[in-house]
Amino acid sequence: PKDRFHFIIPTEEYQQQVSSGASAGYGARFALIRSSVPRDVRVAYTEAGSPAEAASAQLKRGTEILEIDGVDVVNGGSQADVDVINAGIFPSASGETHTFLVRDAGSTSARTITMTSDTVTSAPVRQTRVIDTPSGKVGYMLFNTFGTSIAEEGLFDAITSFSNQGVGDLVLD
């Protein structure tokens with residue numbers, strides 16, 4: 001790997017992701033705040049209706065991942081540890097089950113959850129809202145996925161809605 005932006009996946013998997021926005025996972029985007037020991041891995045966001053949002057997991061933004069399948073995510077240093085961590089964070093297929101020790105944002109105690117990966121479709125436009133300001137209306141859009149064919153429709157709908165509401169400025173997150 002060159003850096004965190006380069007990766008390799010099979011062509012068939014890539015084509016499925018581009019055409020549908022769907023891929024195997026939990027419906028959680030993990031942020032590697034620090035990818036080397038001591039690691040800091042957090043939940044950045046979750047997809048609606050995904051295994052990560054299910055009652056058994058209830059992952060929220062900021063939840064810290066402490067262990068995966070009994071391996072210390074923060075301090076595990078061997079290649080075997082890294083392999084287990086990567087397999088847990090990035091399941092390669094639907095139906096993989098992994099156990100996580102997590103600590104929710106603002107909590108001092110940890111809890112154990114088990115998640116099974118599934119085919120999850122990512123919503124490119126996660127959130128929109130219009131904010132009234134003294135200088136006019138500002139549109140806010142949380143946009144997460146450029147590389148899918150379904151992204152265009154979500155962008156079009158959001159921008160059309162902003163235009164219809166008289167938005168003059170845009171915040172793109």
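The values are calculated or read from the model by the stated rules, or taken from the named source; none is laboratory data. If you're wondering where the values come from, they're calculated on a predicted model, not measured in any experiment. In this analysis, Cβ positions are derived from the backbone assuming ideal geometry, glycine residues included, and neighbour counts consider all displayed protein chains. Remember, those area values only see protein heavy atoms, side chains included, never the ligands or the DNA or RNA. Shrake-Rupley method; radii C 1.70, N 1.55, O 1.52, S 1.80 Å.
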So residue 128, is it touching a helix residue (DSSP H, G or I) at 6+ places or on another chain (Cβ under 6 Å), at negative phi and of a type in the set (S, T, N, Q):
yes
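Determine whether residue 118 is open to solvent by 70 Å² or more (accessible area, probe 1.4 Å) and either among the charged types (D, E, K, R) or within 30 Å of residue 156 (Cα to Cα) (or both).
yes
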Taking the residues in region 38-68 that are of a type in the set (Asp, Glu) and crowded, with 16+ Cβ neighbours inside 10 Å as candidates, determine which candidate is nearest to residue 143 (Cα to Cα).
47
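Please verify whether residue 72 is within 11 Å of residue 39 (Cβ to Cβ) and open to solvent by 50 Å² or more (accessible area, probe 1.4 Å), treating the condition exactly as stated.
Judged against the criteria, residue 72 is a match.
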Restricting to region 29-65, give me the number of residues that are assigned to a strand (DSSP E or B) and in contact with a helix residue (DSSP H, G or I) (Cβ under 9 Å, 6 or more places away or on another chain).
4
Checking residue 112 against (1) part of a strand (DSSP E or B); (2) open to solvent by 70 Å² or more (accessible area, probe 1.4 Å); (3) more than 30 Å from residue 36 (Cβ to Cβ); (4) among the hydroxyl-bearing types (Ser, Thr, Tyr), which single condition isn't satisfied?
(3)
By residue number, the members of region 82-109 that are crowded, with 18+ Cβ neighbours inside 10 Å and not in a strand (DSSP E or B) are 84, 85, 88, 89, 91
